[in-house]
Amino acid sequence: MAVAILFGLVIGFMLIGVPIAVSLGMSSVMFLLWYSDTSLAAVAQTLMQAFVGHYTLLAIPFFILASSFMSTGGVAKRIIRFSIACVGHMRGGLAIAGVFACMIFAALSGSSPATVVAIGSIVIGAMTQAGYTKDFAAGVICNAGTLGILIPPSIVMVVYATAVDVSVGRMFLAGVIPGILAGVMLMTAIYIMARVKGMPKGEWLGWGEVWASFRDAFWGLMLIVIIMVGIYGIPGVTGAIFTPTEAAAVASVYAFIAAVFIYRDMGPLKATGTGPEAGRNQSLLRKPQALVTAWFHRDTQKTLFEAGKLTITLMFVIANALILKHVLTDEQVPQHVANAMLSAGFGPVMFLVVVNVILLIGGQFMEPSGLLVIVAPLVFPIAIELGIDPIHLGIIMVVNMEIGMITPPVGLNLFVTSGVAGMPMMRVVRAALPFLGVLFIFLILVTYVPWISTVLPNAVMGPEIVTR
Amino acid sequence: MQAAPEGSFTDRIEETLIAVILGVMTLVTFANVIARYVFNSNILWALEGTVFLFGWMVLLGASYAVKKNAHLGVDAVIEILPAPARRVLALISVVVCIAFTFLLLKGAWDYWANFANLPQTTGRWFPTGFEETFRPKGWYEVNDIPFPEWLGFVRDVFNDGDEYEKLPRFIPYAVLPLSMTLILLRFCQAAWAVWCGRQDRIVASHEVEDEIADVRRKEEA
Amino acid sequence: ACDDGEIVIKFSHVTNTDKHPKGIAASLLEQRVNDEMDGVACMEVFPNSTLYDDDKVLEAMLQGDVQLAAPSLSKFETFTKQFRIYDLPFMFKNMEAVDAFQSSDAGQKMMSSMEKRGLAGLAFWHNGLKQFSANKPLIMPEDAKGLKFRVQPSDVLVAQMEALDASPQKMAFSEVYGALQQGVVDGQENTWSNVLGQKYYEVQDGITETNHGVLDYLVVASVDWLDSLEPEVRDQFLTILDEVSVERNAAINEVDMEARQGVLDAGGVIRELTPEQREAWVTVMKPVWEEFTADVGQENIDAAQAINAGL
Ligand code: NA
Ligand code: NA
């Protein structure tokens, strides 16, 4: 009962317009003052502990930063060119290329909204010009953008791994096959719709264009290689070089170098509008001082600040969700929930249905990372008890979060798509609906076929150890 | 939202601080990877130093986000309400925020005070005074960050003149009472703005749209 | 859950409840307190770092938000540098020596020296002696040269690795297995039960039986909380704690050997050292003592060595 009031407060506060972070924090504090002896100092300690005690969460600012440099630095448009060169000639090709580009960008970026912004801001306009309806374009990108958190790296996976203490590297590997599968399912659905409705197809520009666009996108695509090789190594050549958290920081530095010194779409070497070389990027040889000035350049500062600001709003929610988690743990709620569910005789199948329902409902109201922080510790002990693989559970949760991102009222991808496409949010919701169906089928598939999630991490890293 | 001409002086300080902290966090972590992989060495304080910076950035940045109305929230319900009702809900919301930050400020002070050899407040949720006896914890050090010599004077003030090997905890933890004070201040300002009718909500409404407009501008350029 | 009127004893620790020596002892204590002190006191155990980690639990204890904890001994080095004696390499011959030192005057005095900072040491809980493991065979100390070892935060352990010309590395505990497997770091040091529990043997070339250090825990409570208890309640609680500690500590060699056998059964490689080989490790690592003698106190080192000699 008390717990029901707690969650009622959280949702009530949110709906009247209290920031999500404060809704979580205030409900927890009220609950704590009323039901327990724990001091307010413990709440402050938990807030500090959100950062100091969870080293893995550090990956979040770094992946956000890497993705900011990638979007500002013009990597997205090169990826799109490459995608169009590969699949643009098929029926519905531009839409399929959009999904493909989202998949590639997802492998560079840890977040779904970032993927929608990077790809959507270019592709939706291009699709409308090519004769697709705006609704269709928005629906495609809104959905494909959710792959940002399923294809590694992924901020949501980092949060899950932190919340239940499993390996981030293992979670990342687990996302590879489901991510590709989801992308292929979306592309297939589009292709079928395109055949049925006779949607436009692009021209085959030849292998020359595929090669040229690949070369142009090469330095951006290299980041995928750096992250994967850095975390997992190459058998027989090198061991791993860094932890997943460090990978994010390395990715940021690499993305900065690629954006400023190779693509020169930002920073001191960017083309200026005036002078003898107007419109052309400047050579580092002609302007060697850029090696120093780039680090302090206005573009660099601005990208750092934008990434910092996004980190702040996201982490403030997560930190307050950790306060709620602390209060729930302190009152031993997870044990009670676990006992209730186990004594109700839930088997693995029924349990996973319940998890899906909780997350789908929660996903309507909550930002994904915050929701995961709260739900994961509640259901994790039961999953272990029932013999469900923690990595499999994590992928199920991530896919649920994907669906939450494209369902109202809180759906980060909906917000972003409505902005990118210049459409009212409810129209985006309707536009996203057909593809939401695809994601639902995918969710069922992932839930009841654990193999999809676990085969790759088990092959590379051996079976998950459960020491609890 | 960025350091635009209309941004105030404090805006610029806060924005620069956020950018600098994130930049330093990234470089320190990167440097540790280089130290380990290339030089087979280490920066033992890198991890702890970075997480403290992380905490500083988010907690201090949270007050900036209040000022800029950037905190994530649900505006689906308030969007469909008439203006007067929206104003009432905004007032209730901001009061909730003020109450929360006030409680957190008390908690933050109580948590930090003993580390700085200062008394906690008494009272369960409302400070009713300062405790008379307490155990000072000025000696309590962090795990890895070495004590910088130029901070030598705090030895005499907080540690009875004893040496510190590592940074005392009250220094990184000071961000808690500091940031809570700032957030409380910003929420009070927001409350005043809502009362005067200058804003009708305290959550980000179409915050993302600004960013997208920004991306667009860049694409067109 | 606790009934109204019962004294709530929250015990927060970082391991599982049924396999790790500390977890087993905590569960036994919980069961006995809840059976024998029913109506007076009630213990709630929070395992697996769900409530606090080892670092924050001491802060929370001084703050009064948790009543009982059992962090590893290195965590107390901030409270009194004398505790660095437990991290000094080859300080204790075996677990009997550790046990004897802990119950000696020197050991007890060391434990109570934290009282002025608000912590009351109640009982030592054993985990066992530490072994080295790496991604290549470690036979002589030179084999560790240039390797990257993950260590817990402790200046002594850092110095110990540097004495071996190895590179000490800080890393979150949850990332260690992956980092060892993928080769981000090369080796680590831990007790048999942790090597088995964390399955480090799967991702290391082998474990070398060095017994070079000790990993034990100290059960602590805050002085203020203990003082707040009625004397008879406190006595009953401390008596139960003592009995549990004696029972579990007596079983530690058996638990350790079971864990060691478990590593073998699971296909792990264990390398034993000849007395000469072991002596080589001692020669290289023992100079670390000098650096910390002032912190630990010569008289404590002497007491420990006297115990070694007597066994
Ligand atoms: Na991703
Ligand atoms: Na949603």
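Note on A:TRP207, B:TRP109, A:TRP295: ascending count of other Cβ atoms within 10 Å places them as A:TRP207, A:TRP295, B:TRP109, the fewest first.
Computed from the alpha carbon atoms alone, the convex hull of chain C holds 126 Å³ per residue. For the range C:17-59, the residues whose backbone nitrogen is under 16 Å from a point 7 Å from the Cα of B:GLU131, taken along Cα to Cβ, are C:58-59. Database remark: amide H of C:ALA41 closer than 5 angstrom to the amide H of C:ILE7 (H placed geometrically; neighbours at sequence offset of 5 or more, or on other chains; Pro and chain starts carry no H). Applying 1/(1 + (r/R0)^6) with R0 = 45 Å to the Cβ-Cβ distance of A:GLN282 and C:LYS136 gives a FRET efficiency near 0.35.
Once R0 is set to 25 Å, what does the formula 1/(1 + (r/R0)^6) return for the Cβ-Cβ distance between B:ASP162 and C:ASP302, expressed as a FRET efficiency to the nearest 0.05? Step by step, r from the Cβ atoms, then E = 0.50. For the range B:54-125 and the range A:310-377, compute the distance between their C-alpha centroids and round to whole Å. Taking the Cα centre of the range A:310-377 as reference, the centre of the range B:54-125 is 23 Å away. Per-residue ellipticity at 222 nm from helix content only, as computed over chain A with -39500 (n - 2.57) for each DSSP H run of at least four residues, stands at -23500 deg cm²/dmol. Of all lysines in the structure, those lying under 18 Å Cα to Cα from B:LYS67, and not within fewer than 8 positions of it along the same chain, are A:LYS309. Look at the alpha carbon pairs under 8 Å that are at least 6 residues apart: their mean separation over the length of chain B gives a relative contact order of 25 percent. When the Cα atoms of the range B:1-102 are aligned to their principal axes, the ranges along those axes come out at 65, 31, 26 Å in descending order.
Taking the square roots of 5 times each eigenvalue of the Cα gyration tensor of the range A:59-194, largest first, gives ellipsoid semi-axes of 27, 16, 11 Å.
Diffusion coefficient of the range C:120-185 by Stokes-Einstein, Kirkwood radius over Cα pairs, 37 °C, 0.692 mPa s: 246 µm²/s. Within chain A, the selection of entire DSSP H helices by a Cα span of 24 Å or greater along the long axis and an average Kyte-Doolittle value of at least -0.5 returns A:168-197, A:206-232, A:298-330, A:348-365, A:368-385, A:425-448.
Near A:SER36: Cβ cut-off under 12 Å, other residues only, Lys/Arg at +1 and Asp/Glu at -1. The net charge is -3.
For the pair B:ILE13 and A:ALA126, label points projected 7 Å from Cα toward Cβ lie 4.6 nm apart.
Distance from the Cα centroid of the range A:169-193 to that of the range A:73-148 is 15 Å (rounded to whole angstrom). Sorted fewest first by neighbouring Cβ atoms within 10 angstrom, C:THR80, A:THR447 come out as C:THR80, A:THR447.
Among the DSSP helices (H) of chain B, those spanning at least 24 angstrom by Cα along their long axis with an average Kyte-Doolittle hydropathy of 1.0 or more are B:9-37, B:46-67, B:83-113, B:175-195; this is a geometric and hydropathy rule only. Taking the longest Cα principal axis of chain C as reference, the axis of helix C:252-265 is set at about 50 degrees. Using the alpha-carbon positions of the range B:8-220, Rg (one decimal) and Dmax (whole number) come out as 21.6, 65 Å. Scattering from the range C:238-311 was approximated by placing one identical point on each alpha carbon and applying the Debye formula without solvent; log10 I(q)/I(0) at 0.24 1/Å stands at -1.03. Within the straight-line cut-off of under 14 Å between alpha carbons, the aspartates and glutamates reachable from B:LYS68 are A:GLU306, B:GLU6, B:ASP11, B:GLU14, B:GLU15, B:ASP200, B:GLU207, B:ASP210, B:GLU211, sequence neighbours fewer than 8 places apart in one chain being disregarded. Treating only the Cα positions of the range A:1-53 as identical point scatterers, give the base-10 log of I(q)/I(0) from the Debye formula at each q in 0.28 Å⁻¹. Treating every Cα as an identical point scatterer, log10 I(q)/I(0) equals -1.06. Any chance you could check the Cα centroid distance between the range C:165-238 and the range A:382-405 for me, in angstrom? Spelled out, the Cα-based centre of one part sits 29 Å from the other.
Global dimensions of chain A from alpha-carbon coordinates: Rg and Dmax equal 22.7, 78 Å.
For the range C:1-87, a Kirkwood radius taken over Cα pairs fed into Stokes-Einstein (20 °C, viscosity 1.002 mPa s) yields D = 156 µm²/s. Computed over the alpha carbons of the range A:338-468, Rg followed by Dmax gives 16.3, 51 Å.
Cβ-Cβ distance of A:SER343 and A:ARG195, R₀ of 45 Å, FRET efficiency by 1/(1 + (r/R0)^6): the value works out to about 0.30. Counted by neighbouring Cβ atoms within 10 Å, the residues B:TYR37, B:TYR64 run from fewest to most as B:TYR37, B:TYR64. Working from the Cα coordinates of the range A:128-196, the gyration tensor eigenvalues give, after taking √(5λ), semi-axes of 32, 13, 7 Å in decreasing order.
Listed by chain and number, the lysines whose alpha-carbon sits under 18 Å from that of C:LYS10, ignoring those within fewer than 8 places in the same chain, are A:LYS325, C:LYS22, C:LYS56.
Just so you know, all these numbers are worked out from the coordinates, no wet-lab data involved. Just so you know, these numbers come straight off a predicted model, no measurement behind them. Cβ atoms come from the backbone with ideal geometry, glycine included; neighbour counts cover every protein chain shown.
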